[in-house]
Amino acid sequence: MLPKLWHFYFFLTLAAGFIIGVIVGSYALSHDFASHEYLCTHDEGQLLNSTDAAVNESLVLEPSPSDLASMAWNESLGFGEILYVSMPDRTDRQDAMNLAASMSGFKLRLIDGIDGTIVSAKAIPENDDMKWGALKPSEIGCWRAHANAWRYILDSNMESALIVEDDIDWDKNIHQVLQDLSLQMQKNTLRVASPTDHERTSAPYGLDWDVLFMGQCYDEAHPNRRDLVQVYDDPNVPSRKDTEDIFLKQMESLGVKGNDVGKKRLISPAYGPFCTMGYAVTRRGAQRLLLHLSYLRLRGPVDMDMMWTLQEGKIRGYSVTPPPFSAWKVGGPKDSDNKPTPVGGKGNKGGWSRNIKSSARVAMVHELEMDNWKDYTNIGNGPEKQAQNDKTGAK
């Protein structure tokens, strides 16, 4: 009798333990689930600080405006690529451009300039409204080279590209200049439509424009829409004395004058820019430029026809003033591809540019300067001896 009773109590104890275990485990599981549910749905900040790697890896965070603007520091300044147009024989300019770009931390892709005399007459678009008359071979070649750059954008499936010519200069702080521009373009008050989700996450300058002018040699605002302007602080804006009169007038017409000159840069709808020293093009912009300046007609030099097309409202653009890119001048015939064999001129050593606070070309000469043998002379000398050598120019 006793053994049978002992077996009964033994199995009763096991059953009770099992039931208690199930109850405790269920409570713990339900409590754990509830706490995670609260964490995900009510306290996102706590979730972001969680040390649970699996949870963190599952999060997709959209970049902030500053994150997107930091793309201006990459090797294409935040565009798909930087294309530069240069005649094949101007290897001097190609050397200069690649040198300066390497010192500024970005890369260039060459688009060959075109000799207009070899462009087939059949390949030149119609000029039916005679806005300009017969084009010179140099104007035909310039148009064809820029049209090739637009085609390259479409062939490469890029969203945007920066197109520059081979005789330009820029600020040594160009990455910062364009980062500040990107921040402004992301909160653009001049847009006609709100930015798409894709623009907010992937387009540092937006995509609501066809052409973004940043290297014009002349500009003016729409005479009836001078209310359309976005003004912002930029520590890299050139001073009044370093800014050409045409841009001072453009800024004054849009309300930037007095002490704001030399402190403010502005964005306005493009209306009267010309020169193609530096401008960005979106993919849709490349399509519209090829439509209006090739497929349908060509009414004049490429920069003039771009301006007319803007004024007609057939393409949309913005102008940045003062422009971040400017012509680099050396004096004499070398400043043009259309003049005879160069004679005289100051060369790059005596070159200059306007509308720029700190020239990248000037800065790179100073940065690369050295005196190797003087450095060897100073090795091992104490500060006093080294200062004496510096003063006497010891070799």
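The values are calculated or read from the model by the stated rules, or taken from the named source; none is laboratory data. Keep in mind it's a predicted model, so treat the numbers as computed, not measured. We place every Cβ from the backbone using ideal geometry, glycine too, and count neighbours over all the protein chains shown.
Taken together, the residues in segment 324-357 that are surrounded by fewer than 14 Cβ atoms within 10 Å (Cβ to Cβ) and either hydroxyl-bearing (S, T, Y) or at pLDDT 95 or above (or both) amount to 2. So, in segment 56-87, of the ones that are part of a loop (DSSP other than H, G, I, E, B) and at pLDDT below 95, which residue ends up farthest from the chain's Cα centre (by Cα)? Step by step, filter segment 56-87, then rank; the result is S58. Whether a residue is of a type in the set (A, V, I, L, M), touching a residue at least 12 places away in the same chain (Cβ under 8 Å) and under 29 Å from E199 (Cβ atoms) was assessed, and L291 does not pass this test.
Residues of segment 141-149 include none that is charged (D, E, K, R), over 23 Å from the mean Cα position of the chain (by Cα) and in a loop (DSSP other than H, G, I, E, B). Residues that are under 18 Å from Y295 (Cβ atoms) and either in contact (Cβ under 8 Å) with a residue 40 or more places away in the chain or touching a Pro at 6+ places or on another chain (Cβ under 9 Å) (or both) within segment 116-131 comprise V119, I124, P125, E126, N127, D128, D129, K131, listed in sequence order. Look at I163 and say whether it is among the β-branched types (V, I, T), in contact with a Ser or Thr (Cβ under 9 Å, 6 or more places away or on another chain) and farther than 23 Å from Q311 by Cα. Considered against the rule, which asks whether it is among the β-branched types (V, I, T), in contact with a Ser or Thr (Cβ under 9 Å, 6 or more places away or on another chain) and farther than 23 Å from Q311 by Cα, I163 comes out as no.
Within the option set D180, D208, D169, being of a type in the set (D, E, K, R) and in a loop (DSSP other than H, G, I, E, B) holds for one residue only, D208.
When the criteria are applied in full, V231 meets the requirement of being in contact with a strand residue (DSSP E or B) (Cβ under 7 Å, 6 or more places away or on another chain) and in the same structural domain as R93 (by TED's automatic domain parsing).
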